[in-house]
1. Name the residue that is modelled with the lowest pLDDT, counting only residues in segment 77-124 that are hydroxyl-bearing (Ser, Thr, Tyr) and touching a Gly at 6+ places or on another chain (Cβ under 9 Å).
2. Being in a helix (DSSP H, G or I), surrounded by fewer than 20 Cβ atoms within 10 Å (Cβ to Cβ) and either of a type in the set (Asp, Glu) or without any contact (Cβ under 8 Å) to a residue 40 or more places away in the chain (or both): is that true of residue 40 here?
3. Given (1) buried (at least 16 other Cβ atoms within 10 Å of the Cβ); (2) in a helix (DSSP H, G or I), identify the lone condition not met by residue 29.
4. Which of the residues that make up segment 72-124 are of a type in the set (Lys, Arg) and under 18 Å from residue 61 (Cα atoms)?
5. Among the residues of segment 1-26, which ones are surrounded by 16 or more Cβ atoms within 10 Å (Cβ to Cβ), assigned to a helix (DSSP H, G or I) and of a type in the set (Lys, Arg)?
6. Do you know which residues across segment 45-59 are over 23 Å from residue 117 (Cβ atoms) and modelled with pLDDT of 95 or more?
7. Might you let me know whether segment 68-84 holds any residue that is exposed (fewer than 14 other Cβ atoms within 10 Å of the Cβ) and closer than 25 Å to residue 12 by Cβ?
8. Please find, among 71, 66, the residue that is under 21 Å from residue 123 (Cβ atoms) and touching a His at 6+ places or on another chain (Cβ under 6 Å).
Amino acid sequence: MKEKILIVDDEPQIHTVLGKLLEKEEYTVSHAHNAEETFKEIDRQKPDLILLDIMMPKVSGIEVCNRLKENPATKDILVLILSAKDAQADRIEGFTHGADDYVSKPFHLRSLVRKIQHMLQKKT
């Protein structure tokens, strides 16, 4: 069974690059550009892992993560934060609100894929 990954970012380039890469790795990929789309996509097709940007319009990725982890129906979805915010305080905030891991932008594509593979293997 193919694992499902939801990419949540307001930058179209991130969707293009990560989408192609993850599909090549044989993951099922879906996309959201803001919090509202994220929750609709989760209802439509519950992902195994979410790649989540912090800085998005209206509702931040931190708030999205917090809502996911507080909801019994979505608390087990893995959340990997991808953010340009690289300060230690930002990382701590992400983990405090339930993120399973945190990667700073820019990131190395192959390293990110390995991290995703590792997270999904640990889940099963």
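The values are calculated or read from the model by the stated rules, or taken from the named source; none is laboratory data. The model shown is predicted, which means the values in this text are computed figures rather than measured ones. Every residue, glycine among them, receives a Cβ derived from its backbone with ideal geometry; neighbour counts consider all protein chains shown.
1. So the residue we want is 83.
2. So residue 40 passes the test.
3. Failed condition: (2).
4. Passing the criteria: 75, 85, 91, 105.
5. Across segment 1-26, there are no qualifying residues.
6. Residues satisfying the conditions do not exist here.
7. Looking through segment 68-84, at least one residue is exposed (fewer than 14 other Cβ atoms within 10 Å of the Cβ) and closer than 25 Å to residue 12 by Cβ.
8. Step by step, each of 71, 66 is checked, and only 66 is under 21 Å from residue 123 (Cβ atoms) and touching a His at 6+ places or on another chain (Cβ under 6 Å).
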